[in-house]
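In what follows, a structure is listed as structure tokens, so that the remarks can point back to it.
The values are calculated or read from the model by the stated rules, or taken from the named source; none is laboratory data. Please read all numbers here as calculations on a predicted model, not as lab measurements. Here the Cβ positions follow ideal geometry from the backbone for every residue, glycine too, while neighbour counts run over all protein chains shown.
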Amino acid sequence: MSEIDKLDQALATYASTIRTPSRTLDDAVMARVRSAGRGRPGLWRWLVAPQRLSVRPIVLALAASVAIVLWWPTRAGNAGPAAPGTVLVRFELMAPEASSVSLAGSFNAWSPAAITLVPSATPGMWTVTLPLSLGSHEYMFVVDGRRWIADPTAHAQVDDGFGQTNSVIVVGPRGVVKS
Amino acid sequence: MNTRIVRTFLLLTAVSGAGTVFAQVPSAPAVDVRGELIARGAPADLATEIQQIVIQSAGEGLPVEALADKALEGWAKGAPADRLLVAVRDLRHRLSAARLAATEVGIANPTAPVVAAAAQALGRGMTMEDVRTLIRAARRPDAAATGLMVASSLAAQGIERAAATRAVEQALKEGHSSSEVLELPSLAASLRARGMTLAEVTHRMLAGNPLAVERPDISRAADAPVLLVPPITPEQTQTKKP
């Protein structure tokens, strides 16, 4: 037997003793090789390095639902759910000639543009619903950004000390019955 | 591990969002009224003068939120500076008088809501005696503030001042809660909307227990029609105006 034949026979014998490694073993070894040079990954490294995520879709759906319910900005004309200790109160004003109507009062530091009403289904009617704390509130509507007018449906009208009258409502735990 | 971190992050985000929403309450007027006025375009000297009034009032133990609110209201409505200052000073005097009335009935350190409500009542035509009567009738400070607020609102609705005071005094002495007393203005409005005269409404408030009237559930008032009508009782059919 020539030297080459002996070498071939030795290689064949050796090859027969080697088991083909399983795929999982391959993956595990390669993962070890990849991580060997990186050391223990810190939070910053985790944050900046691309990550493979595996999340159940239902978890994402639930989180999105919660975010929509809790974070959706309050749209003009529609308040979110009333917080504890507050009651939803609807304000309406018939102003068919107005191009904008807002609400200013003791509940928003008299900011004349913070709370805007939106046109309702009734032609000329503007409306907004707000959560208000229990108790007395004074307010006025601001039409077209400059005309301050009282709410004819409020409980009462009182002198504001500036030559105009503020509308008054008293919010009870069961809401408000207006005129 | 990455999945757990993402899930935890999403859960914390949802929880923090819920906390943010439930922590939101209607905003109160800023105590730094000077800064707020300047931010809204008021002249610095006017804002400073108002701030000085607020600081002096705070030193006297008066609730300053009402003063700040009045200043912001006046500026928002475009009131001239001199008129704005007059209004703020008038309110300060009423707050001082209100605090005096509370101390005269034995409350050494009346709470800010009581003083503010009493000042509001004085501004709506109630007398010092009315204020003292209602504070005495209340069993707790929060009930006194509510009673004052409701009585002055009833008076502003047109019910005779003394009758409004008696009606609320009666409700407080009968032990009705602040929540129940808060319903009196809506009750008066609904009775008026049904055609009762002010005299009839006043009589209803004083004759017996007005809060015993059964009313429809108005907890969904925001979605209900603006006008709500309580059920008609037999005696009311005999008092309807022609």
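Only residues that are free of Cβ contacts under 8 Å to residues at least 60 places away in the same chain, in a loop (DSSP other than H, G, I, E, B) and farther than 22 Å from B:Gly125 by Cβ were counted in the range A:130-177, giving 5.
Here's the yes/no breakdown for (1) modelled with pLDDT under 95; (2) among the aromatic types (Phe, Trp, Tyr); (3) under 22 Å from the mean Cα position of the chain (by Cα):
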| site | (1), (2), (3) |
| --- | --- |
| B:Ile38 | no, no, no |
| B:Leu46 | no, no, no |
| B:Gly61 | yes, no, yes |
| B:Lys77 | no, no, yes |
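The single condition among (1) within 27 Å of the chain's Cα centre (by Cα); (2) crowded, with 19+ Cβ neighbours inside 10 Å; (3) among the β-branched types (Val, Ile, Thr); (4) more than 11 Å from every other protein chain (Cβ to nearest Cβ) that A:Val143 does not meet is (1).
Counting the residues of the range B:90-106 that are away from chain A (no Cβ under 14 Å) and either among the acidic types (Asp, Glu) or over 20 Å from the mean Cα position of the chain (by Cα) (or both) gives 4. Taking the listed residues B:Arg166, B:Arg215, B:Arg161, the one that is of a type in the set (Lys, Arg) and at pLDDT below 90 is B:Arg215, with no other qualifying. For the range B:93-119, the set of residues classified as of a type in the set (S, T, N, Q) and touching a residue at least 40 places away in the same chain (Cβ under 8 Å) consists of B:Asn109 only. Between a first residue in the range A:40-60 that is more than 13 Å from B:Thr3 (Cα to Cα) and a second residue that is at pLDDT below 80 and in a loop (DSSP other than H, G, I, E, B), which pairs have beta carbons less than 8 Å apart while being 6 or more apart in sequence or on different chains? Matching pairs, first to second residue: A:Arg45/A:Arg38; A:Ala49/A:Pro41. Restricting attention to the range B:168-205, which residues are touching a helix residue (DSSP H, G or I) at 6+ places or on another chain (Cβ under 6 Å) and surrounded by fewer than 15 Cβ atoms within 10 Å (Cβ to Cβ)? Correct list: B:Lys173 only.
Is it fair to say B:Leu72 is of a type outside the set (Val, Ile, Thr) and either in contact with a strand residue (DSSP E or B) (Cβ under 7 Å, 6 or more places away or on another chain) or surrounded by 23 or more Cβ atoms within 10 Å (Cβ to Cβ) (or both)? Considered against the rule, which asks whether it is of a type outside the set (Val, Ile, Thr) and either in contact with a strand residue (DSSP E or B) (Cβ under 7 Å, 6 or more places away or on another chain) or surrounded by 23 or more Cβ atoms within 10 Å (Cβ to Cβ) (or both), B:Leu72 comes out as yes.
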